[in-house]
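Structure first, then comments.
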Amino acid sequence: MTNVEMDPPARTAGLVLAGGQGKRMGSAGPKVLMRLLGEPMLYYIYQALASVIPEEAIWTVVGHKREHVEEAFPQYAARFIHQQSQLGTGHALLCAHPHLQESGVTHCLVVNGDVPLLSNRALLELKRQGLSRQADVAFLTMRPSDPTGYGRVLRGEQGFVERIVEEKDLHPSQGHVDEVNAGIYWIDLQRTAPYLERMDQDNAQGEYYLPQLVELVAADGGRAAAVCDEEGGRELLGVNRPQELVRNEEQLRRRIVDYWLDRDVILRNPDQARIGPRAQLEPGCELTGPLEIYGASRIEAWARVDSHVLIADSAIGEEAWIRNFSHLEGAEVMRSARVGPYARLRQAAVLEPESRAGNFVEVKKAVLGPGSKANHLAYIGDASVGSGANIGAGCITCNYDGRAKHRTTIGDGAFIGSNTSLVAPLEIGARAVVGAGSTISKSVPEAFLAVARARQRNLERKVSKREKDDGNTGQTGRKDS
Ligand code: UD1
Ligand code: CA
């Protein structure tokens, strides 16, 4: 064969079908945005596809509440195809077909958006077999222990695929079929184009079925190939009902936990640890379940996270200690800092080395400098605290005046007494002291003492005759002047 006669290398696009509503899930939003370990289902689909196909060749059919999908995945939104009314998976492919052909690809991997455990291994195997068998259409099949809900794969006498029958269209005479369609296809765009137009809605659900393509190709003597994925086990299971979402999530959870245990993370009570796929854990960090770690979180070596803690999109430094029942979102806890028990760190809360946010302390958009402490019952919002400062119990930064947020700056070594209100905008100088119970609304210069509370008066009160007779008035002190 000369170079001229050789087929051009197959250029493959990816297509995610994400237009459906997922009625059986009972979710208000699109099913593909329902979360597993903190990430939307589509995240996992894109991960698998992007390891096989370049991001700029991945298309998505969206329909039901598509603006939510767009918002969640802006990096893919340039190749979103709008399916105005959801007339079925076949219709979704019809909508996408002209876009795919125009983009110059020859083949397409089509993936149902509700198969979150899908691996790139399965996708590569489908692509490999699709190419080597020169299939017009190839698709992944599996033999789950319970085939309920899936399209059944019917083969002819010689074992060749004839068609896929949806469960709702299954006739009792077709008997028990255990091989089912996994909803992942490899399609030769040009060769299947004429068949796409012949799909109809003549079935129990009145929808265009993508699987009908298999039947049309096979009946016409074309090449339809079923690729049975025996190895994958349960990774091709779809999510159509809440219990399937939970089951898939549990499988994923176990996989992630085992991965970290293998990498020398000390993970106690692993059965109750929920760790998202984007979390990064260093060997030697020590975690105790039940706990949840989601998003782009990172936990360094020798950090310790106790049970009943939630950490999302947060970084925990070496030797930091997050004690029980703390809640961290978008926070950064640096080396040897301590948090909780029962602390709440919200977005952009930064605890610099060896600082401390103790029980019932809330920190938001604030930096606690090295060695500074807020040990009990405080709210520190929109603030920056220098090093070695002490924030007393019940100190509140009053950062919001009903219209705008204002900042509080607290200098190095400042001492803020208990139960103080710091009315922002405000600057407390280095080494300044604020008396307990003060409401501070003017800045305090460096090393000054500020006290802003009513002077205490002890007044003699009128004593009733009975108290006098009983002789227990308790008034032995001196009257105020
Ligand atoms: C589909 C297959 C079935 C297979 C199963 C595997 C069809 C008709 N049936 O059934 O053979 O065994 O997957 O999991 O395809 N979607 C759209 N637009 C639509 C309809 C659906 O984009 O108009 C998307 C959905 O968002 C979903 C995917 O296509 O991500 C599959 O749709 P779904 O309704 O879940 O199909 P199944 O009934 O599970
Ligand atoms: Ca499905």
Seminar exercise, completed: A careful count of residues in region 187-196 that are touching a strand residue (DSSP E or B) at 6+ places or on another chain (Cβ under 7 Å) and over 13 Å from L100 (Cα atoms) gives 0
Exercise. Out of all the residues in region 62-82, is one or more closer than 27 Å to A226 by Cβ and either within 16 Å of ligand 2 (Cβ to nearest atom) or outside any strand (DSSP E or B) (or both)?
Worked result: no
Problem set entry | Test set (1) touching a residue at least 60 places away in the same chain (Cβ under 8 Å); (2) within 15 Å of ligand 2 (Cβ to nearest atom) - H97 fails condition number | (2)
Exercise. Considering only residues of region 10-32 that are within 15 Å of ligand 2 (Cβ to nearest atom) and within 17 Å of the chain's Cα centre (by Cα), which is surrounded by the fewest Cβ atoms within 10 Å (Cβ to Cβ)?
Worked result: S27
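Considering every residue within region 198-219, establish whether at least one is touching a Pro at 6+ places or on another chain (Cβ under 6 Å), under 21 Å from T141 (Cβ atoms) and within 16 Å of ligand 2 (Cβ to nearest atom). Spell out the reasoning first.
Within region 198-219, the subset touching a Pro at 6+ places or on another chain (Cβ under 6 Å) is none.
Checking region 198-219: not a single residue is touching a Pro at 6+ places or on another chain (Cβ under 6 Å), under 21 Å from T141 (Cβ atoms) and within 16 Å of ligand 2 (Cβ to nearest atom).
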Exercise. Given the conditions (1) closer than 20 Å to Q243 by Cβ; (2) surrounded by fewer than 22 Cβ atoms within 10 Å (Cβ to Cβ), and given that M41 satisfies all but one, which numbered condition is not satisfied?
Worked result: (2)
Exercise. Is one or more of the residues making up region 291-314 within 29 Å of H406 (Cβ to Cβ), modelled with pLDDT of 95 or more, hydrophobic (A, V, I, L, M, F, W, C) and over 24 Å from the mean Cα position of the chain (by Cα)?
Worked result: no
For this session: Specify which of the listed residues (S326, S336, S297) is buried (at least 16 other Cβ atoms within 10 Å of the Cβ), on the phi > 0 side of the Ramachandran plot, of a type in the set (G, A, S) and assigned by TED's automatic domain parsing to the domain that holds A389.
Result: S336
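Please indicate, with yes or no, whether at least one residue in region 225-232 is within 16 Å of ligand 2 (Cβ to nearest atom), assigned to a strand (DSSP E or B) and open to solvent by less than 20 Å² (accessible area, probe 1.4 Å). Break it down stepwise before answering.
Let us first name the residues in region 225-232 that are within 16 Å of ligand 2 (Cβ to nearest atom), namely none.
Among the residues of region 225-232, not one is within 16 Å of ligand 2 (Cβ to nearest atom), assigned to a strand (DSSP E or B) and open to solvent by less than 20 Å² (accessible area, probe 1.4 Å), which makes the answer no.
Just to confirm my filter: which strands (runs of 3 or more DSSP E) fall fully inside region 345-458 and include at least 1 residues that are among the β-branched types (V, I, T)? Reasoning before the result, please.
Values: elements: 349-351, 356-359, 362-368, 373-376, 379-385, 396-398, 408-410, 421-423, 426-428.
Ranges flagged: 349-351, 362-368, 379-385, 396-398, 408-410, 421-423, 426-428.
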For this session: Please indicate, with yes or no, whether at least one residue in region 91-114 is touching a Cys at 6+ places or on another chain (Cβ under 7 Å) and part of a helix (DSSP H, G or I).
Result: yes
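Residues are listed down the side, and each one gets a yes or a no for (1) out of contact with any helix residue (DSSP H, G or I) (no Cβ under 6 Å at 6 or more places or on another chain); (2) without any contact (Cβ under 8 Å) to a residue 24 or more places away in the chain; (3) among the small types (G, A, S):
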| position | (1), (2), (3) |
| --- | --- |
| S314 | yes, no, yes |
| G330 | yes, yes, yes |
| N375 | yes, yes, no |
| A389 | yes, no, yes |
| C398 | yes, no, no |
For this session: Within region 43-86, track down each residue that is within 25 Å of K127 (Cα to Cα) and in contact with a Pro (Cβ under 7 Å, 6 or more places away or on another chain).
Result: Y44, I45
For this session: Name the residue, out of R143, R152, R163, R191, that is closer than 22 Å to L123 by Cα, open to solvent by 60 Å² or more (accessible area, probe 1.4 Å) and within 11 Å of ligand 1 (Cβ to nearest atom).
Result: R163
Problem set entry | Failed item, numbered, when H107 is tested on (1) in contact (Cβ under 8 Å) with a residue 60 or more places away in the chain; (2) under 25 Å from the mean Cα position of the chain (by Cα); (3) open to solvent by less than 30 Å² (accessible area, probe 1.4 Å) | (2)
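The values are calculated or read from the model by the stated rules, or taken from the named source; none is laboratory data. Everything quoted here is computed from the prediction, not taken from an experiment. All Cβ positions, even for glycine, are placed from backbone atoms using ideal geometry, and neighbour counts span all protein chains on display. What goes into the accessible areas is simple: the full protein's heavy atoms, side chains included, and nothing from ligands, DNA or RNA. Shrake-Rupley method; radii C 1.70, N 1.55, O 1.52, S 1.80 Å.
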